[in-house]
Amino acid sequence: MSKATELIHSIPVDPLTGSISVPIYQTSTFVQEEPGVNKGYDYARSNNPTRAALEKIIAELEGGTTGAAFASGLAAIDAVVKLLQSGDEILAVDDIYGGAFRLFTHVYSKFGIKINYVDTTDVANVVDSITAQTKLIWLETPTNPTLKISDIEAIAAVARQHNILLCVDSTFASPALQQPIKLGADIVVHSATKYLGGHSDLIAGLVVTKTKELGEQIKFIQNASGAILSPHDSWLVIRGIETLYLRVQQHCKNALEVAEFLEYHPAVDKVYYPGLSTHPNHKIAAKQQNGGFGGIVSFTLKEDTTEAAKSVVCGTQLFKLAESLGGVKSLLCHPATMTHKSIPTEKRRAAGVADSLIRLSVGLEDVFDLIKDIDAALGNSKSKNLNSKNIVEIARFQ
Ligand SMILES: *Cc1c(COP(=O)(O)O)cnc(C)c1O
């Protein structure tokens, strides 16, 4: 059976009524026949049938044993960090999601957890940075917003050798493109707010573990800390997952065409997209992402200023200016003044987030409309515009 068919049919038909859509069990508690005798559910923080359906679906999608659904991607990340103890060390990707950086550095360091940020695109850096205290390697691949790729399989081998847990934040790839557990990771986390939900209408997070033992620990933390996903939002994520393959395929297709267009636009300096053969980690991306490169494209302008970037991000009609990504509608943002605003200027620039860097979340509109939209906005940036001949050239992508 093909993956898309498997995915669609992993969403269960309700055994009680035959409902083709998973019912939303909007309840806080479950009536018991006698104390301790119930139908598998007692209190909705501990377990809820709608959430349980989502958790089973995501565990299957990732090839893991246990899934756990949380109120946000960050709540999911938080649950994984709670596996650690004071004195333990996390070895994390340096180009990490800002919210994970804030959680690790400004919350968990207070509780005696040390964080060591390294460039994990080079496995040698990972090997060199491991200490006796390292208990968790934290990867994000592809990263935000410069789309760096780390070799999950190679780093998993290193982690196993040193008896260290490997967790991969696979939000940018989604399980449609990448299954880290199959490549040797112990844990996968997602901000389901992005591609899994897929419609920019909810905040949610997911954890999947390779082993039952780790799954039990995560479930214990989920119940103990209580940052669970609501039944209604669980249902929305399931509904999003139904079309995951279809959406991600189209996101990838559109993004590649936009990236190729930007590559030869006279106003554009660098284009960051793992699907371009010029991307430094293109080969690893091709190997571990099932041949797809995702829907996010970043680029810088020849006129490398905040003003030039602002004129572009305020000049589009279809690409809406907003944080977040992975929805049906195209979005764009200016990391230097938005998502990466709190990072000191020099540190931000050193991490490759130039003043003019713009991040696109390429949506599901017709790609030619999207290209025309960006082209018009680039024209506003005082750079030379494309002429109609180029536009015709681009039309061949259709
Ligand atoms: C958005 C995001 C998160 C955080 O998820 P929320 O659902 O916003 O809490 C974590 N990691 C990555 C890579 C993200 O893009």
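Output ³J(HN,Hα) for region 115-125: one whole-Hz value per residue in order, computed from phi by the Karplus curve 6.51 cos²θ - 1.76 cosθ + 1.60 with θ = phi - 60°, and x for Gly and Pro.
10, 10, 8, 9, 7, 7, 5, 10, 4, 4, 4
For region 3-242, with only Lys/Arg (+1) and Asp/Glu (-1) charged at the beta-carbon, what is the dipole magnitude about the Cα centre, in debye rounded to 20?
Roughly 260 debye, rounded to the nearest 20.
Can you give me the % of accessible surface on the chain that is carbon or sulfur? Probe 1.4 Å, all protein chains present, nothing else counted.
54
So who's got an amide H within less than 5 Å of the one on Ile115, skipping anything under 5 residues away but keeping other chains? H placed 1.01 Å off N, in plane.
Ile90
Tell me, rounded to the nearest percent, the portion of alpha carbon pairs in region 96-214 spaced more than 26 Å apart.
So the portion of pairs separated by more than 26 Å is 17 percent.
Shape verdict for region 245-396, please, from the Cα gyration tensor: rounded (a/c under 1.5), prolate (a/b greater than b/c) or oblate.
Judged from the Cα gyration tensor, region 245-396 comes out rounded (a/c under 1.5).
When you take every Cα atom in region 244-328, what is the radius of gyration, and what is Dmax, the widest Cα pair distance, in Å?
In order Rg, Dmax, the Cα atoms of region 244-328 give 13.8, 38 Å.
Going Cα to Cα from Lys110, which aspartates and glutamates come in below 12 Å? Please leave out same-chain ones fewer than 8 positions away.
none
DSSP beta bridges in region 64-217, what fraction antiparallel, as a percent rounded to 5?
Of the beta bridges lying entirely in region 64-217, close to 35 percent run antiparallel.
Just round it to a whole percent: the fraction of Cα-Cα distances in region 130-175 exceeding 17 Å.
35
Which far-off residues, 5 or more places away or on another chain, put their amide H under 5 Å from the one on Leu166, with H placed in the peptide plane?
Long-range HN contacts for Leu166: Ile137, Asp186, Ile187.
Give Lys148/Lys310; Lys82/Lys320; Lys114/Lys320 a once-over and call out the pairs whose C-alpha atoms are over 32 Å from each other.
Lys82/Lys320; Lys114/Lys320, as the Cα separations exceed 32 Å there.
Using the basic label-point model (7 angstrom from Cα toward the beta carbon), what is the His106 to Lys212 distance in nanometres?
Placing both labels 7 Å along Cα→Cβ, they lie 4.1 nm apart.
Output wanted: per-residue J couplings in Hz (rounded whole) for region 317-332, from phi through Karplus 6.51 cos²θ - 1.76 cosθ + 1.60, θ = phi - 60°, x for Gly and Pro.
The phi angles translate into 9, 7, 5, 8, 6, 6, 6, 6, 6, x, x, 5, 7, 5, 10, 9 Hz.
Based on the Cβ-Cβ distance from Cys314 to Glu34, what FRET efficiency comes out when R0 is 56 Å, to the nearest 0.05?
0.30
Between Asp122 and Lys283, what length in nm is gained on full extension when 0.36 nm per residue of separation is reduced by their alpha carbon distance?
Going from the current span to full extension adds 56.6 nm.
May I ask which of Lys39/Lys135; Lys270/Lys372; Lys135/Lys182; Lys56/Lys283 have a Cα-Cα span longer than 27 Å here?
From Lys39/Lys135; Lys270/Lys372; Lys135/Lys182; Lys56/Lys283, over 27 Å: Lys39/Lys135; Lys56/Lys283.
Hey, what D do you get for region 15-64 in µm²/s if you plug the Kirkwood alpha-carbon radius into Stokes-Einstein at 10 °C and 1.306 mPa s?
This corresponds to a translational diffusion coefficient of 128 µm²/s.
Take every DSSP beta bridge with both residues inside the chain and express the antiparallel ones as a percent of the total, to the nearest 5.
In the chain, DSSP labels about 55 percent of beta bridges as antiparallel.
Could you order Asp355, Asp366 so the one with the most accessible surface comes first? Probe is 1.4 Å.
Asp366, Asp355
Mind listing the long-range amide H neighbours of Leu321? Cut-off is under 5 Å, sequence gap 5 or more, other chains count too, H placed in the peptide plane at 1.01 Å from N.
For Leu321, the qualifying residues are Leu332.
With a 1.4 Å probe and all protein chains left in place, how much accessible area per residue does the chain have, in Å²?
About 43 Å² of surface per residue is accessible.
Just need log10 I(q)/I(0) for region 150-281 at q = 0.17 Å⁻¹, Debye formula, equal scatterers on the alpha-carbon atoms, no solvent, rounded to two decimals.
Here the Debye-derived log intensity ratios amount to -1.04.
Place a point 7 Å from Cα of Thr337 in the direction of its Cβ. Which residues in region 351-374 have their backbone N less than 11 Å from it?
Correct set: 356.
Go ahead and run the numbers for FRET between Tyr264 and Glu323, Cβ-Cβ distance against an R0 of 45 Å, rounding to 0.05.
Efficiency computed from Cβ-Cβ geometry: 0.95.
Along the charge dipole of region 3-242, Cβ charges K/R +1 and D/E -1, which of Ile228, Phe172, Ala157 sits furthest on the positive end?
So the residue we want is Ile228.
In vacuum, with every alpha carbon of region 251-300 counted as one equal point scatterer, what does the Debye formula give for log10 I(q)/I(0) at q = 0.22, 0.29 Å⁻¹? Two decimals, please.
Relative scattering, expressed as log10 I(q)/I(0), comes to -0.72, -1.12.
Expressed in nm to one decimal, what extension gain is obtained for the pair Ser46 and Thr305 from 0.36 nm per residue of sequence separation less their Cα-Cα distance?
Roughly 88.2 nm would be gained on extension.
Quick one: if you take sqrt(5λ) for each eigenvalue of the C-alpha gyration tensor of the chain, what semi-axes come out, biggest first, whole angstrom?
Square roots of five times the eigenvalues give 37, 26, 18 Å.
Just to be sure I understand: with springs between alpha-carbon atoms less than 10 Å apart, which residue in Arg51, Arg102, Arg247 has the highest mean-square fluctuation in the Gaussian network model of the chain?
Ranking Arg51, Arg102, Arg247 by mean-square fluctuation puts Arg102 first.
Show me 217-229, 122-134, 23-35 ranked by packing, highest mean number of other Cβ atoms within 10 Å first.
217-229, 122-134, 23-35
The values are calculated or read from the model by the stated rules, or taken from the named source; none is laboratory data. Keep in mind that this is a model prediction, so the values were computed, not measured. Here the Cβ is made from the backbone with ideal geometry for all residues, glycine too, and neighbour counts use every protein chain on show. The accessibility values were calculated without ligands, DNA or RNA, using every heavy atom of the protein model including side chains. Shrake-Rupley method; radii C 1.70, N 1.55, O 1.52, S 1.80 Å.
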